[in-house]
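Visitor: Before I ask anything, here is the structure I am working with.
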Amino acid sequence: MKNFLLLVMAWGVGLVWCGAQNTIVSGRVIRATNSEPLVGTSISIKGTNRGTITDANGRYRLTISKPVTLVIRFIGFRDI
């Protein structure tokens, strides 16, 4: 019985640990017409104040802990 209880406790701790893992979301924002990177594009998590901007190559990277919706904006482009 002790071994079974220890196994259940270890499994429960594993579930809590797995649920707290973070995921890195990364990508590149480019202009569709000529594939140039869009430097300074704003990438934010909808409903929060968390976000980032793209670098000189149009790349971004965000750490999330649950499914989210990303909002991507660039000056001079309309939202779709």
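The values are calculated or read from the model by the stated rules, or taken from the named source; none is laboratory data. What you see is a predicted model, and the numbers here were worked out from it, not measured in a lab. Every residue, glycine as well, gets a Cβ built from its backbone with ideal geometry; the counts of neighbours run over all protein chains shown. We work out accessible area using only protein heavy atoms, side chains counted, and drop any ligands, DNA or RNA first. Shrake-Rupley method; radii C 1.70, N 1.55, O 1.52, S 1.80 Å.
Visitor: Taking the residues in region 68-80 that are modelled with pLDDT of 90 or more, open to solvent by 70 Å² or more (accessible area, probe 1.4 Å) and not aliphatic (A, V, I, L, M) as candidates, determine which candidate is farthest from the chain's Cα centre (by Cα).
Guide: Looking at residues that are modelled with pLDDT of 90 or more, open to solvent by 70 Å² or more (accessible area, probe 1.4 Å) and not aliphatic (A, V, I, L, M), I get Arg73.
Visitor: Which of the following residues is of a type in the set (Lys, Arg) and touching a Gly at 6+ places or on another chain (Cβ under 6 Å): Arg73, Arg50, Arg28? Full working, then the answer.
Guide: Working: Arg73 fails: touching a Gly at 6+ places or on another chain (Cβ under 6 Å); Arg50 fails: touching a Gly at 6+ places or on another chain (Cβ under 6 Å).
One residue alone meets the criteria, Arg28.
Visitor: Give me a count of the residues in region 27-56 that are surrounded by 11 or more Cβ atoms within 10 Å (Cβ to Cβ), over 18 Å from the mean Cα position of the chain (by Cα) and not β-branched (Val, Ile, Thr).
Guide: Count: 3.
Visitor: Now, a different point. Could you list all residues from region 51-68 that are assigned to a loop (DSSP other than H, G, I, E, B) and closer than 18 Å to Gln21 by Cα?
Guide: Of region 51-68, the ones assigned to a loop (DSSP other than H, G, I, E, B) are 54-58, 65-68.
Answer for region 51-68, where residues must be assigned to a loop (DSSP other than H, G, I, E, B) and closer than 18 Å to Gln21 by Cα: Ser65, Lys66, Pro67, Val68.
Visitor: Six or more apart or on different chains, Cβ atoms under 6 Å: show the pairs whose first residue is in region 47-71 and of a type in the set (S, T, N, Q) and whose second is loosely packed, with under 11 Cβ neighbours inside 10 Å.
Guide: Listed by first residue and then by second, the contacts come to Thr63/Asn22; Thr63/Ile24; Ser65/Asn22; Thr69/Lys46.
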